[in-house]
Amino acid sequence: MSRPGAAKLTLLALAAVAAAAAGLLLWGAWFWREDIRRTLLDPGQPFQTYDPPPAPDYARREAWALLPAQPSGWTTAEPPADVFFVHPTTYDGGGDWNAPIDKRNAAERLARVMLPNYAGPFARTGRVFAPRYRQASLYSFLTLRDDAREARAFAYTDVRDAFRRYLAQWNGGRPLIVAGVEQGGALAARLVDEELARDPSLRRRLAGVYLIETVVPADHHAAGAVLPGCAAREQAGCVVAYRAVAVSNDGAARRTLERALVWGENGMLQNLGDRTALCVNPVLGRATGELAPARLALGAANATGLEWGTRPAFLAHQVSARCAGGLLRVRRPESPSLRGGGGWRDRRGASPYNLFYADLEADAAARVRALRGRPDWRDPPPPVDGAIVVRDSPIHRIR
């Protein structure tokens, strides 16, 4: 064989080897993509030596994602209740265990996706107060190591401080809903537990607690130490909690419960273990294993991109739902706008749509009506606008 022919075969062989190697690299990158992603998002230092971002100042408006124009005042034309809303994770991770409240990408996702889809259902029922807080990264949900648990527990201090400022300065005795989603739901669960222990009188004005896409133990609430799971839609002072999983995905259901972390008595997160999770069906408004067929679902919505205050168009009768084994098992919705893009963020974090938007909206309104309908309830009067000047009145003698 001539030298040019041999050289050509050698080049072809080298090209084939290079192509095979590239294929193996691509296959390996795909196969180990979750491990690679975890490595890229890992802050790279123990939480114990981590210097967190500065704490928010909740006296300043920029520390709130949502705050009424006049938080200390209201009129009878406004919704009758207040809603304290704790948002879900919007920060992926990488540089920090806990994100600064002004992290640009996280703030944009919060405003564009999470608030319209998950705080939106409560906007017709109450004035919404949504604090920014040093949220734990989504990376902290991809691992069960102690650093991640500490990062998630650290975020609670901000939520607690925001809530106490809200109560002291702005609530004024109005009916109250506390709501949270995913990470925010876990923080809201701890908040309600601790604040009720600190001030039992708070129970009287709690219309409902919504722990959306959140695993909380059913026995804790059933024990009466805190609010019970809701047994009827026309019931005030109870908890609506659920974590939705596709009815056909038993593997995801098993992994969800195996990885679920709940608050322990020491204020740290621990595995759910053998305990059963609380599941309240948002379509029916009660804790039950009864199937809620799709015809009863009031409406799902994809509110992503809508300006705050814009009510989305509802897609009725999209999903059936049943509580089973502590999880809400749902059928796949028919509309393509109610399906995630398949990306890892959609799989790990809160979905960019809300399957139970209209159901939660109706549920919240019903529980506020139930609270205000109690014989011993009196709505607090609106604050007086402006100062009252008291002057002496002339005295006229009666002749």
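The values are calculated or read from the model by the stated rules, or taken from the named source; none is laboratory data. As the structure is a computational prediction, the values presented were derived from the model and not from experiment. Don't worry about glycine lacking a Cβ; one is built from the backbone with ideal geometry, like all the others, and counts go over all protein chains shown.
Numbers below:
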{"quantity": "Residue pairs meeting the criteria (Cβ under 7 Å; at least 6 apart or on separate chains; first closer than 14 Å to Ile212 by Cα, in segment 315-329; second part of a loop (DSSP other than H, G, I, E, B) and charged (D, E, K, R))", "calculated": "Leu327/Arg243; Leu328/Arg243"}
{"quantity": "Number of positions in segment 229-257 that are assigned to a loop (DSSP other than H, G, I, E, B) and either at pLDDT below 95 or in contact with a Lys or Arg (Cβ under 8 Å, 6 or more places away or on another chain) (or both)", "calculated": "11"}
{"quantity": "Index of the failed condition, Pro228 passing every other in (1) free of Cβ contacts under 8 Å to residues at least 40 places away in the same chain; (2) farther than 20 Å from Val178 by Cβ", "calculated": "(2)"}
{"quantity": "Neighbours by Cβ (under 7 Å, 6+ apart or cross-chain): first from segment 111-126, of a type in the set (Ser, Thr, Tyr); second part of a helix (DSSP H, G or I)", "calculated": "Thr125/Ala364; Thr125/Ala365; Thr125/Val368"}
{"quantity": "All positions within segment 238-251 that are surrounded by 13 or more Cβ atoms within 10 Å (Cβ to Cβ), out of contact with any helix residue (DSSP H, G or I) (no Cβ under 8 Å at 6 or more places or on another chain) and either of a type in the set (Val, Ile, Thr) or without any contact (Cβ under 8 Å) to a residue 12 or more places away in the chain (or both)", "calculated": "Val247, Asn249"}
{"quantity": "Qualifying residues in segment 258-282 (those that are over 18 Å from the mean Cα position of the chain (by Cα) and either touching a residue at least 24 places away in the same chain (Cβ under 8 Å) or part of a strand (DSSP E or B) (or both)) - the one nearest to Leu327 (Cα to Cα)", "calculated": "Thr276"}
{"quantity": "Close pairs (7 angstrom Cβ cut-off, 6 or more residues apart or separate chains): farther than 9 Å from Phe47 by Cβ in segment 136-151, among the acidic types (Asp, Glu) anywhere", "calculated": "Ser137/Asp92; Ser137/Asp96; Leu138/Asp92; Tyr139/Asp42; Tyr139/Asp92"}
{"quantity": "Residue match in segment 228-237 (condition: in contact with a Ser or Thr (Cβ under 8 Å, 6 or more places away or on another chain) and surrounded by 22 or more Cβ atoms within 10 Å (Cβ to Cβ))", "calculated": "no"}
{"quantity": "Those residues of segment 329-349 which are outside any helix (DSSP H, G or I), modelled with pLDDT under 90 and of a type in the set (A, V, I, L, M, F, W, C), in sequence order", "calculated": "none"}
{"quantity": "Test: residue in segment 214-221 that is part of a loop (DSSP other than H, G, I, E, B), at pLDDT 95 or above and either of a type in the set (Ser, Thr, Tyr) or surrounded by fewer than 18 Cβ atoms within 10 Å (Cβ to Cβ) (or both)", "calculated": "yes"}
{"quantity": "Any hit, segment 178-191, residues being under 18 Å from Gly237 (Cα atoms), surrounded by fewer than 24 Cβ atoms within 10 Å (Cβ to Cβ) and not hydroxyl-bearing (Ser, Thr, Tyr)", "calculated": "yes"}
{"quantity": "Candidate set: segment 292-322, residues that are of a type in the set (Val, Ile, Thr) and surrounded by fewer than 20 Cβ atoms within 10 Å (Cβ to Cβ); chosen: the one nearest to Pro333 (Cα to Cα)", "calculated": "Thr304"}
